[in-house]
Amino acid sequence: MNTRFLFSILLVIFSTSILFGKSDGLSKKGEKQWFYLNSQASLKRYDYILPHLEKLVQSNPDFIKGRKLLAETYIYTQQFDKAAPFIKKSIETYKLNDKYWWQMSSDANRAIKNYPEAINSLKSLLKVPALGLPYQKLTEEKIKQLEYTWFMIQNPVPFQPIQLGNEVNTPAFELYPFLSPDGEKLYFTRKERNEELFQAEKVNGNWNNVKELSFNTDVNEGAQSVSADGKLILFTACNYPNGLGSCDIFYSFLVNGTWTTPNGIGAPINSTDWESQPSISANGMAILFSSNRPGGKGGKDLYISYLNKENKWLEPQNLGDVINTPFDEETPFLHADGRSLYFSSNGHSSIGGKDIFVSRLSDNGKWSEPVNLGYPINTEKDESSIYVELDGKSAYLASEREGGQGKLDLYQFVLHDSVRSTPSTFVNAIVSDIHTKAKLDVEYSIFNFENNQIFSFGQTKQDGEFLICMPVNKTYRLEITKPGYMFYSEQFLTQSGSMVKPYVLEVKMQPIALGANIILKNILFKTDSYELGDLSFPELQKIIELMNANKNIKAIVKGHTDNIGSSNYNLELSQKRAQSVVDYLLQNGIAADRLSAKGMGASQPISTNDTEEGRLENRRTEFQIVEQ
């Protein structure tokens, strides 16, 4: 575990012995000067006393109290390159075996990145008599910390950060990068006097057109996350009049190009405690955030809340001991693959203060042991707020580094192989009436095809569009419904080649009317069989719901095959498959006089039979209204 520690506040510890201890070996003039320098040190005027103290020690090299104050003063004025050799010489020359000298030696060498010497100083400190068990344990933890830091520095990972440019980065703090799925818009937080939200656009490969979001106020707004379709933003707002705690999670919608007045997301996500840094999942079904609410593991913990079928956020769940520690876990980012969680922590083994880690969600719902992203992505300073693009390797980071504009700046870089996410893509559906071409507001559901588990659901607005991010190389089932219309079903495989442009589905909805016909793309049979496959039942249920909601319609179920095999065989197989569908519907309450089955064989192809893809389209089941 990481023990976070800063340079020792040595003067407080030593001031009593220095101010009131004897000034052995000094002349009366030296004693007077020593008393004066001590009085100024108590006022923390270190820059002022430094040259005078150096002269005093130079004239009285055996005056140990003076040497100690000089060593402390070097540390307080951050002149570690002077402090380290001076302390080393003092210890060696005067055989000093004092825990304060060894601690100063470790701190000074750590500051100049001489980790072997810093570690050896702490090991020498452990040999000081009567150290005391608490101090000994703390020192052992510090040794482990420094050994880990030194190991990581000696084993760097590939890292070539590119600053995002002067339009985005300024002498203020820039942090919390978040990109739209197409990579054309960048949302980020800038902190000068307060935190405010900004947006930039990519123009000819560069980030330009930086502007504030319209709802910024005189208090803090920051740490934002944007939905996949870009129409919802979640962010942290502190000291809002309608907030529940010091900082809460708020949201705003983008309507006709304008952000609505923000509202708090409310309980159970917000509470009277501190909630911040929301991350909405790419499928819109979960929100992760950091909170110090009671009942956690200590400090700030990461929580997740899921959206239920009634469109309500459920009671947040603590992510557990694998992720959360007695220290702070913050800035969660869940990649579009739904499995890779990036976050910052000072409670896991870190190089410095807060480092960025990644944990993977397994099939059994457990998070893996967090992995440090490595040096020099993480440094001896605090790192936080990372965003990883859909490709799983292009990342953005807020960091303070040489060559930046000052304080925290935003950088782009490529993640090394071991900490990348699964590539993902985004699906853009446009839903309209097949006759009038008018865009429709519909309800949609997306399921994992293999296990029929819900992946995402929602409702389009008047523009008839929805956009969802999802991992590649997986098959999904899409259902779209609207009262007065035939339901729409689709099956699609996301592919890595579609990451640059979305997987576009143009959905034409048919009003319920005589002759309306839909292809049941998720009614599946085993090869050369008319036995319904298990994955067919969800779509069969949709037919039952349609017929129960529209008691006056009658329909015919048509079976089709490709042209492989004889005409008689195909005709018979298609008839049996159509009848299997009808039989299932009859068994589930649909009246027999409302349904009929007809096999069409290979007589009505809708694609070529010269390719497997074409033959797959031709092997289909259709549902057509014949009476209304």
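The values are calculated or read from the model by the stated rules, or taken from the named source; none is laboratory data. Because the structure is a prediction, the values reported are computed rather than measured. All Cβ positions, glycine included, derive from the backbone under ideal geometry; neighbour counts span all protein chains shown.
Residues in the stretch 546-564 that are more than 21 Å from Glu627 (Cα to Cα) and exposed (fewer than 15 other Cβ atoms within 10 Å of the Cβ): Ile564 alone. Scanning the stretch 114-173 for residues that are among the hydrophobic types (A, V, I, L, M, F, W, C), closer than 30 Å to Glu212 by Cα and surrounded by 14 or more Cβ atoms within 10 Å (Cβ to Cβ) yields Leu164, Val168, Ala172, Phe173. Tell me which residues, restricted to the stretch 65-103, are closer than 22 Å to Gly132 by Cα and within 39 Å of the chain's Cα centre (by Cα). Within the stretch 65-103, Gln103 is the sole residue that qualifies. Among the residues of the stretch 561-578, not a single one is closer than 30 Å to Ser424 by Cβ, in the same structural domain as Ile606 (by TED's automatic domain parsing) and assigned to a helix (DSSP H, G or I).
If the condition is being loosely packed, with under 15 Cβ neighbours inside 10 Å and of a type outside the set (S, T, N, Q), then the stretch 584-601 contributes Leu586, Gly589, Ala591, Ala592, Asp593. Filtering Tyr76, Tyr94 for residues that are in the same structural domain as Ala41 (by TED's automatic domain parsing), hydroxyl-bearing (Ser, Thr, Tyr) and in contact (Cβ under 8 Å) with a residue 60 or more places away in the chain leaves a single hit, Tyr76.
No other residue among Gly464, Gly484, Gly515 is in contact (Cβ under 8 Å) with a residue 12 or more places away in the chain, among the small types (Gly, Ala, Ser) and surrounded by 13 or more Cβ atoms within 10 Å (Cβ to Cβ) apart from Gly464. Contact annotation: residue pairs with Cβ atoms under 7 Å, 6 or more positions apart or on different chains, pairing a residue in the stretch 212-232 that is within 24 Å of Asp463 (Cα to Cα) with a partner that is outside any strand (DSSP E or B) and hydroxyl-bearing (Ser, Thr, Tyr), are Phe215/Thr261; Val226/Ser180; Gly230/Ser180. The condition (being surrounded by fewer than 17 Cβ atoms within 10 Å (Cβ to Cβ) and part of a helix (DSSP H, G or I)) is satisfied by just one residue among Gln541, Gln604: Gln541. Within the stretch 282-305, the residues that satisfy the criterion of being under 22 Å from Gly230 (Cβ atoms) and either part of a strand (DSSP E or B) or not small (Gly, Ala, Ser) (or both) are Asn283, Met285, Ala286, Ile287, Leu288, Phe289, Ser305.
Table: residues versus (1) under 23 Å from the mean Cα position of the chain (by Cα); (2) in contact (Cβ under 8 Å) with a residue 60 or more places away in the chain.
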site	(1), (2)
Gln145	no, yes
Gln154	no, no
Val157	yes, yes
Gln160	yes, yes
Gln163	yes, yes
Asn169	yes, yes
Pro181	yes, yes
Glu192	no, no
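Can you find a residue that is part of a loop (DSSP other than H, G, I, E, B), farther than 24 Å from His348 by Cβ and of a type in the set (Phe, Trp, Tyr) anywhere in the stretch 63-74? Yes, some residue in the stretch 63-74 is part of a loop (DSSP other than H, G, I, E, B), farther than 24 Å from His348 by Cβ and of a type in the set (Phe, Trp, Tyr). Going through (1) surrounded by 17 or more Cβ atoms within 10 Å (Cβ to Cβ); (2) outside any loop (DSSP other than H, G, I, E, B) one by one, Phe253 falls short only on (1).
Across the stretch 36-50, the qualifying residues are those that are under 50 Å from the mean Cα position of the chain (by Cα) and assigned to a helix (DSSP H, G or I), and the one among them that is surrounded by the fewest Cβ atoms within 10 Å (Cβ to Cβ) is Asp47.
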